[in-house]
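Below: one structure, written as structure tokens.
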Amino acid sequence: MIDDFLAKAKTKDISGHIFMLISPHAGYGYSGQSAAYGYKLIKDRFYNTVIILGTSHHKPFNGVAVYAQGSFETSLGPLRIDDEFTSKLVGKSPDIFASESAFDGEHSVEVQLPFLQKVLTDFKIVPLVAGDCSLNACRNIASLLKAAIGGRKDVLLVVSSDLYHGYDINEAEQTDTLTLELIKKMDYEGLYYSLRDAKAQACGGFGTVIALDIAKGAGYDKVEVLNYTNSAIVTGSANGQWTVGYASIAVYNPEGDHMLNSQQRKKLLEIARDSIKTYLQTGKKLELNEVDPVLMQEMGAFVTLNKHGELRGCIGNLSGTQPLYLTVRDMAVEAAMDDPRFSALSLPELKDVSIEISVLFPLKKVDSADKIIMGKHGVLVRKGYQSGVFLPQVATETGWSKEEFLNNLCVQKAGLAQNAWKNKDTELYIFEAEVFSEGKQE
């Protein structure tokens, strides 16, 4: 059924980074086709954690309940809970708390899971259910979730919500038009008060308020209503029959998957150059004290040095083990001094060197080379204790086909046979990178 829904969903592609979906949660025969529009849009995109923010239909409570550990299982298999993420939420405020009983008999989270399993791979979930929330509680919960997400771009937020509930088809369309207009304007305060006044309707309304606050604060300012319908339209029911509104909505940033703004990029490039200069002059690491919360996130990075258009050094760290600004500082010095392919850089050479930085998204294991998109994905190949990595830009710079790219990766970087990537015991990981260089920070 889900495969059929996805095949029938005709939606335009959205360039940029999709951070959030609002998806209906009625029985699939009613709202499944509408839900498919959002899920088709994110098919095979890159997410490691999916937050599903449902609503409580049966149990009254205040705030948001978290299913903090374990897993959910559907007929498509188990989904592990991201307990590292949930640990950043539980115990931080009385507005958000661990409770497994809040999920008993609750379908709003569960109905989203098979769709997610059909369009994404290798992800963990964060199941949340919203009860009654004051506006201050919504803001507080949004703040905690924003802090837990940090600078990550591998997190998807799914709000599970239907719209109008009632017996008047004309009223359904009028009410849902108002609700959707508030969502499209990302007016989460206006939506909150309209829900309280019953001018707007959404059974996942407080979750939507929380999610819009998060998205707006994180710089996601574009909203696309991908599909709207209601149960009367789906079933051909006459006026006077119970009617529920359904919408599939995406919230995104059209500027792409950038995690850094131009000032942050400029700062990192300055750190890289100053670090190399300081080390060449004193033999010591540059002392730094950074307060930017994005630059303080633990992220991997590579620093590449080019001299007169030719490679002069490239060293990196795939997984962030320290704040990004320190990773860049250390990798810049290593690229200048410790790349075994080149002699150590001299101070007079530095003026002729241009610096390129690749900030890395988290690694994602794939089961087939078919998942690799040339020019978009960097690749790590690993067999036993041997491994090697190519950055995404290698494909663009060399013009290699995918097979040439992987063959060279195995031979040049991992010391493996050129077709080792085809073996079942060889692991393939993909990642994306935000690449910028001196003179090209925008």
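Kindly provide the set of residues from segment 264-304 that are small (Gly, Ala, Ser) and more than 26 Å from the chain's Cα centre (by Cα), ordered by number.
Ala272, Ser275, Gly283
Conditions: (1) surrounded by 15 or more Cβ atoms within 10 Å (Cβ to Cβ); (2) at pLDDT 95 or above. Lys92 meets all but one. Number of the miss?
Going through the list (1) surrounded by 15 or more Cβ atoms within 10 Å (Cβ to Cβ); (2) at pLDDT 95 or above, Lys92 breaks only (2).
In segment 383-397, is there at least one residue being in contact (Cβ under 8 Å) with a residue 60 or more places away in the chain and touching a Ser or Thr at 6+ places or on another chain (Cβ under 7 Å)? Give the derivation first.
So the first thing to find is which residues in segment 383-397 are in contact (Cβ under 8 Å) with a residue 60 or more places away in the chain, and the list is 389, 391.
Going one step further and asking which of them are touching a Ser or Thr at 6+ places or on another chain (Cβ under 7 Å), we end up with 391.
Looking for residues that are in contact (Cβ under 8 Å) with a residue 60 or more places away in the chain and touching a Ser or Thr at 6+ places or on another chain (Cβ under 7 Å), one finds at least one in segment 383-397, hence yes.
Checking the condition more than 18 Å from Lys146 (Cα to Cα), in contact with a Ser or Thr (Cβ under 8 Å, 6 or more places away or on another chain) and either assigned by TED's automatic domain parsing to the domain that holds Ile214 or of a type outside the set (Lys, Arg) (or both), which residue from Arg80, Arg45 passes? Spell out how you get there, then give the answer.
Working: Arg45 fails: in contact with a Ser or Thr (Cβ under 8 Å, 6 or more places away or on another chain).
Exactly one residue qualifies, and that residue is Arg80.
Going by the structure shown, is Gly219 more than 12 Å from Ser34 (Cα to Cα) and under 17 Å from the mean Cα position of the chain (by Cα)?
Numbers: more than 12 Å from Ser34 (Cα to Cα): yes; under 17 Å from the mean Cα position of the chain (by Cα): yes.
When the stated conditions are applied, Gly219 passes them.
What number of residues in segment 382-438 are over 25 Å from the mean Cα position of the chain (by Cα) and of a type in the set (Asp, Glu)?
Matching residues across segment 382-438 total 5.
Tell me which helices (runs of 4 or more DSSP H) are completely within segment 161-241 and hold 3 or more residues being in the same structural domain as Ala130 (by TED's automatic domain parsing) and under 18 Å from Ala130 (Cα atoms), or say none if there are none. Give the steps one after another, and end with the answer.
Values: elements: 169-184, 188-196, 205-217, 231-235.
Where helices (runs of 4 or more DSSP H) fall fully within segment 161-241 and carry at least 3 residues being in the same structural domain as Ala130 (by TED's automatic domain parsing) and under 18 Å from Ala130 (Cα atoms), they are 188-196, 205-217.
If you take the residues of segment 95-137 that are surrounded by 17 or more Cβ atoms within 10 Å (Cβ to Cβ) and hydroxyl-bearing (Ser, Thr, Tyr), which of them is farthest from the chain's Cα centre (by Cα)?
That would be Ser99.
Can you spot a residue in segment 109-128 that is in the same structural domain as Ala202 (by TED's automatic domain parsing), among the acidic types (Asp, Glu) and on the phi > 0 side of the Ramachandran plot?
Taking every residue of segment 109-128 in turn, at least one turns out to be in the same structural domain as Ala202 (by TED's automatic domain parsing), among the acidic types (Asp, Glu) and on the phi > 0 side of the Ramachandran plot.
Being in a strand (DSSP E or B), aliphatic (A, V, I, L, M), touching an Asp or Glu at 6+ places or on another chain (Cβ under 7 Å) and within 23 Å of Val109 (Cα to Cα) is the requirement here; does Val244 meet it?
Yes; evaluated as a whole, the condition is true for this residue.
The values are calculated or read from the model by the stated rules, or taken from the named source; none is laboratory data. Just so you know, these numbers come straight off a predicted model, no measurement behind them. Every residue, glycine as well, gets a Cβ built from its backbone with ideal geometry; the counts of neighbours run over all protein chains shown.
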